[in-house]
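Asks: Structure incoming, see below.
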Amino acid sequence: MKYISDEILNKYIDGELSTEEINNINELLLTDTDLKKRLSALKRVNIELKKIREDELPAAFTQRVMQRITKKYKVPKEQKIFITFIISFFAVLCVSILGYIVVNIAGEVSDTVSSGAEKTVNNYSQPLIQSLVNTFSGLNISVFGSILSIVLLISGYFFFEMSKQSKTKLSS
């Protein structure tokens, strides 16, 4: 007995077989009850599949989905300003520390070699050096570290909230 696959039976149901193949299947159907059961089940499935209607989507569906995706990757203006502020703050801090180091080196050099330009730089930089020394010594360094820690905590919270809002907007 020849086995007939479900694919061939589906083509039989859809009328996609040649007359010779249809005749061969008809002959087998007369004698094979298992084949009749499979054909009957496939016909029921075919009928049920034809009853299913396609969901109709609104005309602007694709456009709305694409807008939500692009919103997800846009960084809000407030977040850009905040990031710029934090980066600027750390850049100024690094430049100040670097300036302090350079001035101290220049102060040591000016003690050994005295020239007009070095004295001028030294005279103008002494108030800055003194203010940096006062800022980064004793209790002030603890206050500065505390403020920096609070700024980092607030920025972490800000980024976490923005992430939650982005996820919420994308899922709705």
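Bear in mind that the values in this text are calculations on the coordinates, not laboratory data. Worth saying up front: this structure is predicted, and the values here are computed from it rather than measured. Backbone-built Cβ (ideal geometry, glycine too); neighbour counts: all protein chains shown.
Asks: Rank by packing, highest mean first: peptides 15-24, 51-60, with packing defined as the count of other Cβ atoms within 10 Å averaged across residues.
Replies: The packing order, highest mean first, is 15-24, 51-60.
Asks: Pull up the cross-link candidates among the lysines for K51, meaning alpha carbon to alpha carbon under 30 Å and not fewer than 8 places away within one chain.
Replies: Within reach: K11, K36, K37, K43.
Asks: A further question on this structure: Starting from the Cα of K80, draw a straight line to each of the lysines and keep only those under 29 Å, dropping any in the same chain fewer than 8 residues away.
Replies: Cα-Cα hits under 29 Å: K71, K72, K164, K167, K169.
Asks: Using every pair of alpha-carbon atoms in segment 6-51, split the distances into 10 Å bins beginning at 0 and state the percent of pairs per bin, rounded to integers.
Replies: Per 10 Å bin, starting at zero, the Cα-Cα P(r) for segment 6-51 comes out as 28, 55, 17, 0 percent.
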